[in-house]
Amino acid sequence: MEGAPRAFLLFLLMVSQPRDASPGTVHCLPVSVNGILGESIVFPVLNPGAFKSITWHGPSPANAEAHASRGPLAVITPGAPGALPHISMEDERYRGRARLHNQSYSLEISDLMLADVGMYSWEIASAYSNILCSYDLHIHKRLSEPEIRIHSVMAGNGTCNVTFTCSAGVGNETIKYIWTRPAGAPVFSIEESLLVQHRLGDEDSPVTCTAMNPVSNSSASASPKVACEGPTPPQATSLSYCHAKGILVLGVLGTLLAGILTVNVLAAREQRWP
């Protein structure tokens, strides 16, 4: 899971309870987490020790009016001594998608959808105090290889201006673009488009666009030289010379072989017919 907070960080996030909070309840600062569309995410829960129940709440659905009496997302209760805890799914939106993670008290939600975005909270009820913590879930798509559009214009004096435009094609999601040169050269642009000047005849110096969002990144490269001068033609001259040389050798060998066979045949005939 990318972007999920480690469970022990929750200890550092706990703050004093607000004045209007009920006695014995400890609140955590909300933690922002990133999930990947179609994949899974785990919301960590501290080891509660002895507890009565752990109640999970999810974000309100889009048609909140139809779910005015909506209960919690799930309720976890202790199992028998030596047995695993029991989870009861109360929200039908998560049935078949939510479960306890790896025999722990942490909640795992699979097959994430954009409708899952929102605030999730869990409350541990024990005999001495309650702990209430929350996660603010954001969901992003995993980026595929970006597309680079190319527009070149001759500027005179043997110079060509090339505009490269990078696009990851992920709707309205905010994506950061970084342009670099080969061999780990420093970043030289963070815009979606890049203008490069190429002098005809210079060596090739490709540019690479890397598209990034909070959960993934992907790269593609393009060549200013190819954009201005076209692809380099194959080395046809050397290949043709090699082929011609091979054909010549085969022709000589074939002629010698034919001569040897002719001499042998004539000699055999002379022996048969004196």
| field | Looking only at the range 189-220, and only at residues there that are of a type in the set (Gly, Ala, Ser) and surrounded by 13 or more Cβ atoms within 10 Å (Cβ to Cβ), the one that is modelled with the lowest pLDDT | value | SER189
| remark: Residue pairs within 6 Å by beta carbon, gap of at least six or interchain, first lying in the range 116-133 and over 17 Å from PRO30 (Cα atoms), second modelled with pLDDT under 85, listed first then second, are SER126/PHE51; SER129/GLY24
| Can you find a residue in the range 89-105 that is closer than 27 Å to CYS28 by Cβ, of a type in the set (Phe, Trp, Tyr) and surrounded by fewer than 14 Cβ atoms within 10 Å (Cβ to Cβ)? | no
| Residue check: is ILE150 of a type in the set (A, V, I, L, M), in contact with a strand residue (DSSP E or B) (Cβ under 9 Å, 6 or more places away or on another chain), surrounded by 17 or more Cβ atoms within 10 Å (Cβ to Cβ) and at negative phi? | no
| query | In this structure, does LYS225 turn out to be of a type in the set (D, E, K, R) and modelled with pLDDT under 65? | reply | no
| field | Condition met for ASP111 (surrounded by fewer than 19 Cβ atoms within 10 Å (Cβ to Cβ), among the charged types (D, E, K, R), touching a residue at least 60 places away in the same chain (Cβ under 8 Å) and on the phi > 0 side of the Ramachandran plot) | value | yes
| task | Could you please find all residues in the range 61-77 being at pLDDT 85 or above and farther than 20 Å from ASP111 by Cβ? | result | PRO72, VAL75, ILE76, THR77
| request: Mind telling me which of the residues ALA80, ALA155 ends up being over 27 Å from the mean Cα position of the chain (by Cα) and either in a helix (DSSP H, G or I) or closer than 30 Å to ALA227 by Cα (or both)? | output: ALA155
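The values are calculated or read from the model by the stated rules, or taken from the named source; none is laboratory data. Nothing here was measured: the structure is a model prediction, and the numbers come from that model. Counting neighbours? That spans all protein chains shown, and the Cβs are built from the backbone with ideal geometry, glycine included.
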